[in-house]
Amino acid sequence: EAMVVDAVVVRHSASGAVRYLARELDVPVINAGDGAHEHPTQGLLDIFTIRERKGSVEGLKVAVAGDIAHSRVARSDIHGLLKLGAQVVVAGPPTMVPPDIERLGVSVASSVEEVLGEVDVVIMLRIQMERQSSPLFPSLREYSRYFGLNMEKLKSVSRDLLIMHPGPVNWGVELSPEVSCHPRNVILDQVTNGVAVRMAVLYALIGG
């Protein structure tokens, strides 16, 4: 407050840190990611990217795949998608999916391949190694086999499927390098839209 700022953008390793700071300050505090809790602006830009390509979120079926338990992006995406009327299915190793996640209104699949043929969008998540105190899967190779996306798995899916990833990507794990050139890959669109969405958040809070 002594610096007389108009807003504070915070990324913090501790879940809940941003909420604590927001209670203490009299200026808008924007959550740029707090621990494994939430990443609201990533959720907004992901939904904006889907709407840009699909026209509406309502009625879509979206898969969120990977390290659900440790991903702040997963939480923000799931809450936003459900709020706007999408169906959400999550896929990940049992050790990486919260046991009570179905209470949110999502369904759970045992592999990515199981749901590819029935979803409109797949959001791939990276493995959050830095938030794991012990190994949660046998090997990267086995993880990629069941929860990674490659060109072979994409052969039989709809040409309208959107492939998304919040980044950074572990190429060769959750996505094979070839998928970077797939025509339905909109990862770079997410990056571009992220600038506009975050500008809009700042404008909404302090632009007036």
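Assorted remarks:
- The lysines within cross-link reach of LYS153, meaning a Cα-to-Cα straight distance under 20 Å and a gap of 8 or more places when in the same chain, are LYS61.
- Point-charge dipole on Cβ atoms (K/R +1, D/E -1) for segment 41-190, about Cα centre, debye to 20: 140
- Qualifying aspartates and glutamates (Cα of each under 15 Å from Cα of LYS54; at least 8 residues distant if same chain): ASP46, ASP120, ASP160, ASP189
- From most to least packed by mean Cβ count within 10 Å, the peptides 174-185, 3-14 give 174-185, 3-14.
- Förster-model FRET efficiency, 45 Å R0, GLU152 and ALA22, C-beta, rounded to 0.05: 0.45
- Peptides 51-58, 67-74 ordered by packing proxy, namely the average of other Cβ atoms within 10 Å per residue, highest first: 67-74, 51-58.
- Between ARG19, ARG145, ARG198, the Gaussian network model of the chain with springs among Cα atoms under 10 angstrom shows the greatest mean-square fluctuation at ARG19.
- Fluctuation leader among MET151, MET124, MET96 - the chain, Gaussian network, Cα springs under 10 angstrom: MET151
- Over segment 41-190, volume per residue of the alpha carbon convex hull, in Å³: 100
- Helix-only CD estimate at 222 nm, as mean residue ellipticity for the chain, using -39500 (n - 2.57) per DSSP H run (n ≥ 4): -9500 deg cm²/dmol
- Cβ crowding within 10 Å ranks ILE127, ILE101, ILE206 as ILE206, ILE101, ILE127, fewest other Cβ atoms first.
- Axial C-alpha extent at least 18 Å, average Kyte-Doolittle at least 0.5 - helices from the chain (DSSP): 187-202
- Cα pair distances exceeding 20 angstrom across segment 1-82, given as percent: 42
Computed from the coordinates by the stated procedures, all read-outs in this text should not be read as laboratory data. Since the structure is predicted, the reported quantities are computational estimates derived from the model, not experimental observations. Quick reminder, even Gly has a Cβ in these numbers, built from the backbone with ideal geometry, and neighbours come from all protein chains shown.
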